[in-house]
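The values are calculated or read from the model by the stated rules, or taken from the named source; none is laboratory data. All values derive from a computational prediction rather than experimental measurement. Here the Cβ positions follow ideal geometry from the backbone for every residue, glycine too, while neighbour counts run over all protein chains shown.
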Amino acid sequence: MISVRLHSVVEPDGVAATREIIHHRGSAVILPRNDDGKVLLVRQFRFAVGAYMWELPAGSLDAGETPLQGSRRELAEETGCRASSWQKIAEFYPSPGFLSEKMTIYLAEGIRTGTARPESDERIETRWFTPRECREMIRKGQICDAKTLVGLMCLWDARLRKGSGTAQKTGRKNAR
């Protein structure tokens, strides 16, 4: 999933440097929203921070997989849900100082529920939250991971989706 390499580089301004970089093929992040405007979050234990966290469903891209394909796969695996409408709302680098990972967030609507198929080492709880509940959880520090904060910010500020030039509406057949 990752590799760590030491690079000897000359940066654009001519500075010679050594950089340790974690290389990652990227991640798909899904912001599922139902017809009532509620957002589906997942809760799981995150060993790196030693805590259970509420966050958007997400996962690493498989080799050769596009962010949209990964989003569809991860939504079904982690939550059992499927969506009929997908819109790219953000792409960002969570920690570009040492990590090459790009996260792509899709707004998923037209949600149909089903049976989740998490990986054998995943213990995932799911729950629908209103926008007000999400804002309160952010205020209390109960939502504190970058992908979820960025996704909710983009959802709540339509200018970020429509005015950025990166929004991309996709249907089932023509999505990439």
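If we scan the stretch 106-123, do we find a residue that is small (Gly, Ala, Ser), over 20 Å from LEU155 (Cβ atoms) and either in a strand (DSSP E or B) or touching a His at 6+ places or on another chain (Cβ under 9 Å) (or both)? Spell out how you get there, then give the answer.
The initial filter retains those residues of the stretch 106-123 that are small (Gly, Ala, Ser), namely 108, 110, 114, 116, 120.
Subset that is over 20 Å from LEU155 (Cβ atoms): 114, 116, 120.
This time we only want the ones that are either in a strand (DSSP E or B) or touching a His at 6+ places or on another chain (Cβ under 9 Å) (or both), so: none.
No: zero hits.
Close Cβ contacts (under 6 Å, 6 or more residues apart or on different chains) running from residues in the stretch 128-155 that are on the phi < 0 side of the Ramachandran plot to residues that are among the acidic types (Asp, Glu) and at pLDDT 95 or above comprise ASP145/GLU55; THR148/GLU55. Screening GLU133, GLU78, GLU91 for residues that are assigned to a strand (DSSP E or B) and either in contact with a helix residue (DSSP H, G or I) (Cβ under 6 Å, 6 or more places away or on another chain) or surrounded by 14 or more Cβ atoms within 10 Å (Cβ to Cβ) (or both) leaves exactly one candidate, GLU91. In the stretch 51-60 there is no residue that is surrounded by fewer than 20 Cβ atoms within 10 Å (Cβ to Cβ) and outside any strand (DSSP E or B).
Pairs meeting the criteria (first residue in the stretch 99-121 and buried (at least 20 other Cβ atoms within 10 Å of the Cβ), second residue of a type in the set (D, E, K, R), beta carbons under 6 Å, at least 6 apart or on different chains) are MET103/LYS147; THR104/GLU91; TYR106/LYS88. At least 1 residues being surrounded by fewer than 13 Cβ atoms within 10 Å (Cβ to Cβ) is the threshold, and among the strands (runs of 3 or more DSSP E) wholly inside the stretch 1-46 those reaching it are 2-10, 16-24, 39-46. A residue that is within 14 Å of the chain's Cα centre (by Cα) and either at pLDDT below 95 or under 21 Å from ARG117 (Cβ atoms) (or both) cannot be found anywhere in the stretch 15-23.
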